[in-house]
Amino acid sequence: MTTDTDSTGGDVRLTGISKTYGSFTAVHPLDLTIPQGSFFALLGASGCGKTTTLRMIAGLEDPTTGTVRLGGRDVTDLPPYKRPVNTVFQSYALFPHLSIYENVAFGLRRRGVKSVRKQVGEMLDLVQLGDRAQQRPHQLSGGQQQRVAVARALINHPQVLLLDEPLGALDLKLRRQMQLELKRIQTEVGITFVHVTHDQEEAMTMADQVAVMNGGRVEQLGAPADLYENPGTTFVANFLGTSNLITAGIVESSAEDLVVSAGGGKLKLPAARCRAATAPGGSLLVGVRPEKISLAHADDAAGIPEGRNRITGRITASSFIGVSTQYVVDGPAGSGLQVYEQNVERDSRLAPGAEVVLHWNPAHTFGLDAGQAIDAGTQKVEDAA
Ligand code: ATP
């Protein structure tokens with residue numbers, strides 16, 4: 001066993017960690033480093049293994065293989081209460097008969113700390129509940145109760161705070177407020193937060209780094225904007241927002257660009273954004289996000305600037321959702337293509353039935369391996385087998 005002064009600092013380091021239940025593998029051997037002081041999200045659909053991973057960090061679940069290191073120290077065999085971590089769950093589990101003040105003071109009192117006033121006061125200020133100290137949990141809203149739960153955990157000065165779907169019980173508006181609030185708290189205290197969620201918007205709002213999990217594996221790890229702009233797999237492309245994925249044949253490839261054919265037309269994409277083999281004659285999936293695409297009525301096609309990627313189609317559906325209008329377009333390159341247009345100046349001709357041209361900057365195009373077009377459900381079944 002090494003010490004806290006190890007060169008890995010305060011990182012959480014998982015090495016070859018896995019979990020099997022009988023013949024079912026919930027988490028495949030996983031190597032993951034969570035940098036000290038970061039807000040890290042484990043993101044994925046129900047059953048992908050994110051909670052199991054979190055529980056192995058907490059010590060609530062024994063790994064089948066591998067090690068957990070916190071700040072350079074091997075804690076794999078330590079029980080939860082001996083690890084420098086605290087967990088906040090979806091159910092706040094506050095003591096109903098104690099005041100907010102006493103709920104927050106609980107960890108200190110249990111450790112025999114005599115003078116708690118200053119620390120409890122600081123924690124209540126941190127979560128902006130100083131004026132509620134003498135109330136009971138039932139007098140607080142769900143979001144306020146969750147802030148008490150966070151204060152109660154942070155007062156123990158954990159090295160890592162683990163959050164297991166902490167906002168799951170809140171309504172959407174409160175969730176959004178609490179996401180910003182948790183991010184503020186994490187920035188202020190500067191300790192590592194590891195947050196489990198199935199909500200991609202939540203992960204992207206709060207986390208510096210997101211690990212997208214699927215079928216017990218991390219599919220991709222990165223900063224939110226990077227994952228969104230450069231998804232590495234079809235799963236990530238569709239789990240983080242919406243992607244149009246068009247099957248295309250590779251016509252030409254150079255160090256800078258690829259030219260591909262789809263639905264009788266040619267499209268261009270940067271070679272650097274391509275995660276597939278690029279040899280001419282092969283095929284790949286061309287991806288573009290719906291908000292990167294502009295829509296022109298076919299009568300105005302001549303006015304589309306040179307150098308844009310373009311494909312033709314017909315609008316099959318449109319929905320006005322306030323800030324934008326979302327169109328569904330079918331064409332020779334693919335059906336069910338999605339386009340989001342900001343509602344600035346709406347063209348009334350862009351209605352179901354209209355012939356249109358979709359056009360976008362080639363720089364916003366990414367390429368994925370056409371062979372890995374599996375969905376989460378398929379992979380999970382394979383893993384379970
Ligand atoms: P959710 O968001 O629904 O909690 P999750 O991604 O956190 O999902 P886990 O709770 O980590 O998923 O579970 C991963 C897989 O392991 C699931 O298929 C689950 O059914 C299975 N699993 C978890 N705990 C056990 C257990 N004690 N025994 C058997 N299977 C389990």
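The values are calculated or read from the model by the stated rules, or taken from the named source; none is laboratory data. No experiment lies behind these values; they were computed from the predicted model shown. Every residue, glycine as well, gets a Cβ built from its backbone with ideal geometry; the counts of neighbours run over all protein chains shown. With ligands, DNA and RNA removed, areas are computed over all heavy atoms of the protein, side chains included. Shrake-Rupley method; radii C 1.70, N 1.55, O 1.52, S 1.80 Å.
Quickly run through region 284-331 and pick out the residues that are of a type in the set (S, T, N, Q) and either surrounded by fewer than 17 Cβ atoms within 10 Å (Cβ to Cβ) or under 16 Å from ASN343 (Cβ atoms) (or both). Of everything in region 284-331, those that are of a type in the set (S, T, N, Q) and either surrounded by fewer than 17 Cβ atoms within 10 Å (Cβ to Cβ) or under 16 Å from ASN343 (Cβ atoms) (or both) turn out to be SER294, THR316, SER318, SER319, SER324, THR325, GLN326. Checking GLY143, GLY216, GLY190, GLY168 one by one, the residue that is of a type in the set (Gly, Ala, Ser), at positive phi and at pLDDT below 95 is GLY190 and no other.
Results for (1) assigned by TED's automatic domain parsing to the domain that holds ASN214; (2) assigned to a loop (DSSP other than H, G, I, E, B); (3) open to solvent by 30 Å² or more (accessible area, probe 1.4 Å), shown as yes or no for each residue.
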residue: LEU32; (1), (2), (3): yes, no, no
residue: GLN36; (1), (2), (3): yes, yes, yes
residue: ARG55; (1), (2), (3): yes, no, yes
residue: LEU60; (1), (2), (3): yes, yes, yes
residue: THR67; (1), (2), (3): yes, no, yes
residue: LEU78; (1), (2), (3): yes, yes, yes
residue: LEU94; (1), (2), (3): yes, yes, no
residue: TYR101; (1), (2), (3): yes, no, yes
residue: LYS114; (1), (2), (3): yes, yes, yes
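List the pairs whose first member sits in region 45-62 and is within 8 Å of the ligand (Cβ to nearest atom), whose second member is open to solvent by less than 10 Å² (accessible area, probe 1.4 Å) and among the β-branched types (Val, Ile, Thr), and whose Cβ atoms are under 6 Å apart, counting only residues at least 6 apart or on separate chains? Listed pairs, sorted by first residue: GLY49/VAL27; LYS50/VAL196; THR51/VAL196; THR52/VAL27; THR53/VAL27; LEU54/VAL196. Looking only at region 193-200, decide whether some residue is open to solvent by less than 50 Å² (accessible area, probe 1.4 Å) and touching a Lys or Arg at 6+ places or on another chain (Cβ under 7 Å). Yes, region 193-200 contains a residue that is open to solvent by less than 50 Å² (accessible area, probe 1.4 Å) and touching a Lys or Arg at 6+ places or on another chain (Cβ under 7 Å).
Out of everything in region 1-30 that is assigned to a loop (DSSP other than H, G, I, E, B) and at pLDDT 90 or above, what residue ends up being surrounded by the most Cβ atoms within 10 Å (Cβ to Cβ)? If we take residues in region 1-30 being assigned to a loop (DSSP other than H, G, I, E, B) and at pLDDT 90 or above, then ASP11 is surrounded by the most Cβ atoms within 10 Å (Cβ to Cβ).
Looking for something among the basic types (Lys, Arg), within 12 Å of the ligand (Cβ to nearest atom), farther than 20 Å from ILE155 by Cβ and in contact with an Asp or Glu (Cβ under 8 Å, 6 or more places away or on another chain) - is there at least one such residue anywhere in region 63-77? No, that holds for no residue. Can you name the condition, by its number, that GLY10 falls short on among (1) in contact (Cβ under 8 Å) with a residue 40 or more places away in the chain; (2) over 15 Å from ASP74 (Cβ atoms)? Unmet for GLY10, out of (1) in contact (Cβ under 8 Å) with a residue 40 or more places away in the chain; (2) over 15 Å from ASP74 (Cβ atoms): (2). Kindly indicate whether GLN179 is open to solvent by less than 10 Å² (accessible area, probe 1.4 Å), within 28 Å of VAL212 (Cβ to Cβ), at pLDDT below 95 and touching an Asp or Glu at 6+ places or on another chain (Cβ under 6 Å). Answer is yes for this residue. Scanning region 306-341 for residues that are within 30 Å of ASP257 (Cβ to Cβ), under 31 Å from the mean Cα position of the chain (by Cα) and without any contact (Cβ under 8 Å) to a residue 24 or more places away in the chain turns up VAL328, ASP330, SER335, GLY336. Of the strands (runs of 3 or more DSSP E) that lie entirely inside region 179-295, those containing 2 or more residues that are more than 16 Å from the ligand (Cβ to nearest atom), touching a strand residue (DSSP E or B) at 6+ places or on another chain (Cβ under 6 Å) and within 30 Å of ASN156 (Cβ to Cβ) span 192-197. Looking across region 296-308, not a single residue is farther than 15 Å from VAL356 by Cβ and part of a strand (DSSP E or B).
All of ARG275, ARG217, ARG289 fail the test of being assigned by TED's automatic domain parsing to the domain that holds GLN326, within 29 Å of THR25 (Cβ to Cβ) and either without any contact (Cβ under 8 Å) to a residue 40 or more places away in the chain or charged (D, E, K, R) (or both), apart from ARG275.
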